[in-house]
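The values are calculated or read from the model by the stated rules, or taken from the named source; none is laboratory data. Everything numeric here is computed off the predicted structure, so don't read it as measured data. Cβ: placed from backbone, ideal geometry, glycine included. Neighbour counts: every protein chain shown. The area values use the complete protein model at the heavy-atom level, side chains included, leaving out ligands, DNA and RNA. Shrake-Rupley method; radii C 1.70, N 1.55, O 1.52, S 1.80 Å.
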Amino acid sequence: MQNYLTEIFGNELVAEITVYVLNTIPVLAFIVLFVLFAVWLERKVSAHMQDRLGPMRVGWHGVLQTVADFLKLVQKEDIVADANDKALFNIAPFLVFVATLATYTMLPFTSIFVGSNADVGIFLVLALSGAVVAGILMAGWASNNKYSLYGSLRAAAQIVSYEIPTALVVLTMIMVYGTMNLGDVTEAQTSYFWNWGIFGGAGLGLGKFLLVPFMFVAFIILFISTLAESNRTPFDLPESESELVAGFNTEYSGIKFSMFFLAEFANMFLIGSILVIFFFGGYNSPFGYFGNLIGVDWLIPIEQLFWFIGKGMFFVFISMWLRWTLPRVRVDQLMTICWKYLIPYAFFNLLIVGLILLI
Amino acid sequence: MSIYDLIFYLFAAITVLSALMVVSSDNIVRSAFYLLATFFGVSGLYVLLGADFVAVTQIMVYIGGILILLLFGVMLTSNITNVEIKKGMKNVIPAIVGIGIFLAATISMMTNTNWKTQPGEIPQTTSFELGKLLITDYVLVFELLGILLLIALIGAASMARKEQE
């Protein structure tokens, strides 16, 4: 494609830049489409759990409702109050969104499409989710509003605390797979479902069976701590409506508000896909590929995309399910869960998995 | 000019300009946020030097850790925005002379030294080699640093507890 673009532009440098920009478009398009779908799904899930119907008017069962909402949101006036710190106020939503978008480049959607096959993979994902905190603090500070500031401080404290159990479990997984590259992690779980991480990985023998319970513990810890990192109920203290209006994005309107919204929903799929990559075989099909069966090679990546998004959506659905089932935890309970339960369990799990891997 | 040069100058400009803004800004919170851009630019430079692991560690430790701590400190300290930050010119001529001598020395050293260069070979992955070195050649330093961090952690926890009682 680069050669083709060089012919058009007559300049290699411009062509190269264009290629890099074009490479990010599939991921960006995926996030936007996913968010449009996920917002509709969230409203439908919540409605059906409360014995309502939810959006029904726009399109079939309201599928186009979010498109309409988005159009409305874009048209809204972009309000910047006088007392806001203007520059920081305007940068913050983009910083949050770009950091989230950058983590998506590390995800192997299929065996042929990965945004960046960097070796540091999961480590960069963790680092950038730490960088999001800076954007949230920036938004809270620049809003010059005590609710926003409290919301952003809560969000920062929560994300920084829950990064520790997340990092410990990720360390355990790096030990199991021996790599930080998410593409390689997925490839280690190829073929049938008993090779998946949750069933002890691809190795055979005693180690595989010993690993199973500890992989399950790791999965539960990672699920809880990433759920807390994405600020979803039952851990949605940063934006608890009854106390803080809407948390750090109270002052935002229009397109900037939708940036935070996009980042939040993109985070939901991100944590789902991290769980899928580490424990449920990433893009691998559980029962072999239909394309292999009938001998059509180009069908395989499409099937892989289907499995990856399907499994990821399953965890997105679970987090929605939890949101409409569980009440919010208190701040002290939030910290107790993290420091007194998740971190010690994650440490012991790390030690035991290390011992099992040695034998 | 290849795209790597372009990216290098972009990151270098981000680093230098934001570092300048950190020291010249009136608002201490703004200074902290300019520091974010500086750290980010430095990590970009690490990537261009082929040190991917160091670059990510830079983001993790400096942006995800130290900067957040700094922001918490700045935001939770009351009246910090009212603190007058001393700025302005003082002793201009000695400063210019000092900087001039330093600059001239650096430039003459840069041009006169016979640098040993070899064609750059970008290492593909650094994390594996780094891990191996840490556990073989530098294992003593690694363990000592681990103990030092553990002592700091226990000390911090015990100080935080004492205040509560």
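Computed values, structure above
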item	result
Kyte-Doolittle at least 0.0, axis length at least 24 Å by Cα - qualifying DSSP helices, chain B	B:3-24, B:28-48, B:92-112, B:139-164
Shielding by partners - mean other protein chain Cβ count within 10 Å, residues of A:137-146	3
Accessible surface, 1.4 Å probe, highest first, among residues B:V23, A:V185	B:V23, A:V185
Accessible area that becomes buried as B packs against A, both chains, 1.4 Å probe, Å², nearest 100	2400
For region A:1-75, accessible area per residue (1.4 Å probe, heavy atoms of protein chains only), Å²	65
Chain A: DSSP helices with Cα axial extent of at least 30 Å and average Kyte-Doolittle hydropathy no lower than 1.0	A:12-49, A:121-142, A:206-229, A:254-279, A:299-323
Exercise: per-residue mean of other protein chain Cβ atoms within 10 Å, B:26-33	4
In nm, spacing of pseudo-spin labels at A:F290 and A:F317 (7 Å Cα→C-beta vector)	1.8
Heavy atoms of A:H61: accessible area, 1.4 Å probe, square angstrom to 10	80
Nearest-0.05 FRET efficiency for B:N112 and B:K90, computed from C-beta distance (R0 30 Å)	0.30
Relative packing of B:48-60, A:161-173, A:22-34, which averages over residues the other C-beta atoms within 10 Å, highest first	A:161-173, B:48-60, A:22-34
Peptide A:115-126, shielding by other chains (average Cβ, 10 Å cutoff)	4
Accessible surface of chain A, 1.4 Å probe, proportion on carbon and sulfur as whole %	70
Cβ-Cβ FRET estimate between A:M49 and A:I220, R0 fixed at 25 Å, reported to 0.05	0.65
With every protein chain in place, region B:126-165: carbon and sulfur % of accessible area (1.4 Å)	73
Global geometry of region B:126-165, whether rounded, prolate or oblate, following the gyration tensor of its Cα atoms and the 1.5 cut on a/c	prolate
Ranked packing of A:138-146, B:139-147, B:36-44, most packed first, by mean Cβ within 10 Å	A:138-146, B:36-44, B:139-147
Cβ crowding within 10 Å averaged over residues, with B:102-112, A:282-292, A:89-99, A:124-134 ranked highest first	A:124-134, A:89-99, A:282-292, B:102-112
Separation in nanometres of the label points that stand 7 Å from Cα toward Cβ, at A:V67 and A:T190	4.0
Tensor-based shape of region B:1-84 (alpha-carbon gyration tensor, a/c under 1.5 rounded, otherwise prolate or oblate)	oblate
Among A:F123, A:F348, A:F317, residue whose mean-square fluctuation peaks in a GNM of chain A (springs only between Cα atoms under 10 Å)	A:F348
